[in-house]
Amino acid sequence: VSVRSHEDYQENLGAYVLGALPELEAEVLERHLPSCESCRAEVARLEVVTNALARSVPQVDPPPSLKASLMRTVNEEAALSRRPNGPSAAACAPGWPACSRASPWREHSPCWHWAL
Amino acid sequence: MALVQRGDARAFEAVYDRHGAAAFSLAYRISGNRAAAEDIVQEAFLSVWRSAVRYQPERGNLRSWLLSVVHNRAIDWLRRSVSQDRGRVDAEGIEERKAAPELTDAEAFRREEAQTVRTAMERLPADQLRVVELAYFGGFTHSQIADMLGMPLGTVKGRMRLALDKMRDGLGEAVA
């Protein structure tokens, strides 16, 4: 990794943790992270802020029908003892269950972090 | 969560009871649409249920993990929407939950934590707060934000980074 490209990665870390990197750029950064301890540490540091942002919003009660619908599906699946993993979950670091989406980078973004 | 990993639906229900409101609040804040927020939360929790075996508690906080899943789903929803302005919520449009007469310790802590975060946000310069909100709650990419605000991409990246650094310092250990 050249100094220049490392600086490019560093420049993108803020946008990355905010989810504001376009998909391809995020993927490029995610390929860099496993080999760069300083970028990983910086992402971990900045993710404290995005975690906090998620908790800062005004609290609104969900409708009871949401839980009813969710638990109906969950109870059916529990009864069938089916616990399917998503198609790409196996390729994902453990700890982040939702890495199995069609558009993987956003939910992949923290995967490396949890794999440390 | 260990019980959820073993397929215990009642344990999963307890997880929802504890974190569902925070998840819905975040989804609603981003989507500005109750029906969409319900779909987002349902999708997110089902994905957690179906792959809970991969969750390793020693590697992180369950609430942060769940909310990151919800955030990602909500941003995807925004980007799938024809117009990103559709249904955008604004502060006065949100009916915040009334404070319960007797808060549990956990609820009181969360309210205090949320207030700490909001205070840190309010201390940001307006131009930095704007880019953070457009990115995190608006689902816009850095280049979209640059176009929108008529500024170079490097400036947007720099403001994002400055804002995050300032907030990180402002939050201190309160939410670490």
For the stretch A:1-45, alpha-carbon Rg relative to the globular expectation (2.2 N^0.38 Å, N residues):
1.02
For a label point 7 Å from the Cα of residue A:41 along Cα→C-beta, name the residues of the stretch A:7-27 whose backbone N is under 19 Å from it.
A:7-14, A:17
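Read-outs throughout are calculated quantities, based only on the coordinates presented, and are distinct from any laboratory measurement. Here the structure is a predicted model, which is why all the values come from computation and not from measurement. Virtual Cβ from ideal backbone geometry, glycine too; neighbours counted across all protein chains shown.
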